[in-house]
1. Checking the table LYS57/LYS114; LYS126/LYS186; LYS114/LYS145; LYS114/LYS186; LYS57/LYS195 against a 23 Å threshold on Cα-Cα, which pairs fail?
2. Need one number: nm distance between label points at GLU163 and TYR215, each 7 Å from Cα along Cα→Cβ, rounded to one decimal.
3. Please turn the phi angles of segment 146-152 into ³J(HN,Hα) values with the Karplus equation 6.51 cos²θ - 1.76 cosθ + 1.60 (θ = phi - 60°), one per residue in order, whole Hz, x for glycine and proline.
4. Tell me, Kirkwood radius of segment 79-123 from alpha-carbon pair distances, in Å?
5. Across the Cα atoms of segment 131-240, what radius of gyration and what greatest pairwise Cα-Cα distance (Dmax) are found, in Å?
6. Below 13 Å, Cα to Cα, which aspartates and glutamates can LYS80 reach? Residues fewer than 8 away in the same chain don't count.
7. Could you check the simple spin-label distance between VAL156 and SER95, using points 7 Å along Cα→Cβ, in nm with one decimal?
8. Which order do the peptides 66-77, 134-145 take when ranked by the mean count of other beta-carbon atoms within 10 Å per residue, highest first?
Amino acid sequence: MTKEEEKKALRRNTVILVGVILMILLLAFSSVFYKQSNPFTYADHLDDSVLTLEDEKVTLREFGYYIYEVESFTQQQAKKYNPGDLLDYWNTHFSAGNDSTFVSELARDTAINKCLGDLVYARMAKEDGRKLSEEAKKEAAEEAKAWMEQLSSEQVQLLGLDEALVIKIKEREKLASDYAYEYSAKADLTGYSGKVTELLSGGGDYFNDKLLSRYQYKQNDKLIAKLRFGRITVNSANLK
């Protein structure tokens, strides 16, 4: 190959390389623009599934109960941490090796695990023929009413929850709690270390290995990743 041919080949390869780089930059820009022009709207996904255990599906509407429970509790900690900037606490990062995480991510996982624990223990209770007493159902209804009353009108509208759905959640929560307490007395934790409550709670090692594994379970990771804890029922532009 002559020097002139080498120069032509070099120019041709350079043009191709520049074209490839421009194409990559264009695709990256398009991706960012698409995400910015298509923001996640909570209300559009209220009836999308978040968690599914066997044939029982928990929609985002129902999961909103757990979101509020975790966010309202964590928000109190945020007020103590930095009352001048509540998001400062939510954005705090805890470094602990492989378990490093942000408070917002920890809150999200806590909500998922609490919901999952209720689903599993309530199902186990029903499989054992357990039912809530009429007195317990009455308590659940009263608690649901009080729970709804603590929400602002904006939070009620945002979450899409109503009293009937909260009663259902409260009843499941009570059934699961009672059964989990009884189960903890007979659970064989040989080979496991740590606090009993942590091992048996949703997300715990024993819970995942021995209880959750009994059932078909799936979660909507794509939807869950878009839930920005600390900005849903608190610190949200949608709320006054």
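Since every read-out is calculated from the coordinates, none of them should be taken as a lab result. Note that the structure is predicted; figures quoted are calculated from it, not measured. Here the Cβ is made from the backbone with ideal geometry for all residues, glycine too, and neighbour counts use every protein chain on show.
1. Numbers: LYS57/LYS114 15 Å; LYS126/LYS186 18 Å; LYS114/LYS145 21 Å; LYS114/LYS186 21 Å; LYS57/LYS195 30 Å.
Distance filter (> 23 Å) returns LYS57/LYS195.
2. Calculated label separation equals 2.8 nm.
3. Running phi through 6.51 cos²θ - 1.76 cosθ + 1.60 with θ = phi - 60° gives 5, 5, 5, 5, 7, 7, 6 Hz.
4. Numbers: mean 1/r = 0.0823 Å⁻¹.
Value: 12.1 Å, from the Cα pair sum.
5. Every Cα atom of segment 131-240 included, Rg and Dmax give 17.7, 51 Å.
6. Partners found: ASP88.
7. The modelled label-to-label distance comes out at 4.7 nm.
8. 66-77, 134-145
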